Amino acid sequence: MRFIWRLTEVPTANPPQVLISVSKRTFKRAVDRNRLKRLVREAYRLNKHVLLEAPGGHSVALLGLIYTGKEEKPFAVVEKKLTSGLERLLNETRPAPAAAEVS
């Protein structure tokens with residue numbers, strides 16, 4: 001799974017707008033693409049609290065979730081990848097602590 005995001009200037013507690021995409025080249029049948037999008041959407045719905053309950057809010061305004069697998073995975077695997085990705089996203093978008101001034 002690949003994460004793409006756009007940040008806001010001010011941290012917020014509102015959920016970001018989310019785009020979910022599954023490649024037509026990899027999954028030819030629309031039935032398969034739609035099932036994978038439903039799995040990713042449900043995994044995000046169950047785990048978006050990670051973003052919403054972040055201390056100090058989060059600064060993610062737009063979030064793209066792209067399913068990059070070559071085969072359909074069970075829900076448990078999709079959910080595990082999504083939660084680890086959300087945690088990494090929070091760690092990367094969290095502002096760096098200010099350096100202590102030496103006087």
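In this structure, does Arg6 turn out to be surrounded by fewer than 14 Cβ atoms within 10 Å (Cβ to Cβ) and not β-branched (Val, Ile, Thr)?
Yes.
Among the listed residues Ser23, Ser59, identify the single one that is at pLDDT below 95 and hydroxyl-bearing (Ser, Thr, Tyr).
Ser59
Only one of these is on the phi > 0 side of the Ramachandran plot and either surrounded by fewer than 15 Cβ atoms within 10 Å (Cβ to Cβ) or not charged (D, E, K, R) (or both): Gly57, Gly64, Gly69. Name it.
Gly57 is the lone residue from the list that is on the phi > 0 side of the Ramachandran plot and either surrounded by fewer than 15 Cβ atoms within 10 Å (Cβ to Cβ) or not charged (D, E, K, R) (or both).
Would you please name the residue that is farthest from Lys73 (Cα to Cα), looking only at residues in the stretch 8-26 that are without any contact (Cβ under 8 Å) to a residue 40 or more places away in the chain and of a type outside the set (Lys, Arg)?
Asn14
Here is a list of conditions, (1) loosely packed, with under 15 Cβ neighbours inside 10 Å; (2) closer than 22 Å to Leu90 by Cβ, and Pro16 meets all of them except one; can you say which number that is?
With respect to (1) loosely packed, with under 15 Cβ neighbours inside 10 Å; (2) closer than 22 Å to Leu90 by Cβ, Pro16 is out only on (1).
Taking into account only those residues within the stretch 16-45 that are charged (D, E, K, R), under 15 Å from Ile66 (Cβ atoms) and assigned to a helix (DSSP H, G or I), which is farthest from the chain's Cα centre (by Cα)?
Arg33
The values are calculated or read from the model by the stated rules, or taken from the named source; none is laboratory data. Model, not experiment: these values are computed from the prediction. FYI the Cβ positions are ideal-geometry reconstructions off the backbone, even for glycines, and counts take in every protein chain you see.
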